[in-house]
Amino acid sequence: MANLDPLIRLNKFQLEEKQRVLSVLYAKVEKLETDKRAILDNVESEKLAIDDANQHLSLMTSFMAYVQRCQKNIALINNKISTLEIKITRAVDEMRVAFGELKKIEITRDRRLAEIQKENTRREDALFSEIALEIYRRSE
């Protein structure tokens, strides 16, 4: 039987790589969410500043253009987040498959080791039985 330890190490490494990729994707989503929150906070603070002003028509038109531009930026960010969420779903699925493969190999290794241990115990018992029989024969 082949030694499965190198295969287990390889699968663990691949699983860790998939986890790293997943963590990078989550970090990107978090950064985009932070950017979106910053844009919304800026719009809110600008709105408060305009409310405090005398509401000049030029200020209102400029503010409306600013709000529209911010809405476009938020829509772009939301699209990027949606794309990343699809990638995250794929990465999670790949990680689950890799983890399943790793567990299969580990279970196979453990079963092989248990079989080897059982066989060694059986041989040892047979050897001790033979020794005991030989000692009994010599004592008679």
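Relative to the longest principal axis of the Cα atoms of the chain, the long axis of helix 57-139 makes an angle of roughly 10 degrees. For residue 129, the shell of other residues with beta-carbons less than 11 Å away shows a net charge of -2, using +1 for Lys and Arg and -1 for Asp and Glu. In a fully extended conformation the segment linking residue 10 and residue 130 would gain 38.8 nm over its present Cα-Cα distance, using 0.36 nm per residue. In percent, rounded to a whole number, the relative contact order of the chain is 44, using alpha-carbon pairs under 8 Å and six or more apart.
Kirkwood hydrodynamic radius computed over region 5-139 comes to 21.1 Å, based on all pairs of distinct alpha carbons. Pairs exceeding 19 Å between alpha-carbon atoms, taken from 12/118; 18/80; 31/80: 12/118; 18/80.
Taking the Cα centre as origin and putting +1 on Lys and Arg beta-carbons and -1 on Asp and Glu beta-carbons, what dipole magnitude results for the chain, to the nearest 20 debye?
That gives the chain a dipole magnitude of about 420 debye.
Where does helix 5-52 land angle-wise versus the long Cα axis of the chain, in degrees 0 to 90, nearest 10? Helix 5-52 and the main axis of the chain meet at about 20 degrees.
The lysines within cross-link reach of residue 47, meaning a Cα-to-Cα straight distance under 21 Å and a gap of 8 or more places when in the same chain, are 36, 72.
Values in this text are rule-based calculations from the coordinates and carry no lab data. Just so it is clear, the model here is predicted, and its values are computed rather than measured. Note that we place each Cβ from the backbone using ideal geometry, even for glycine, and neighbour counts take in every protein chain shown.
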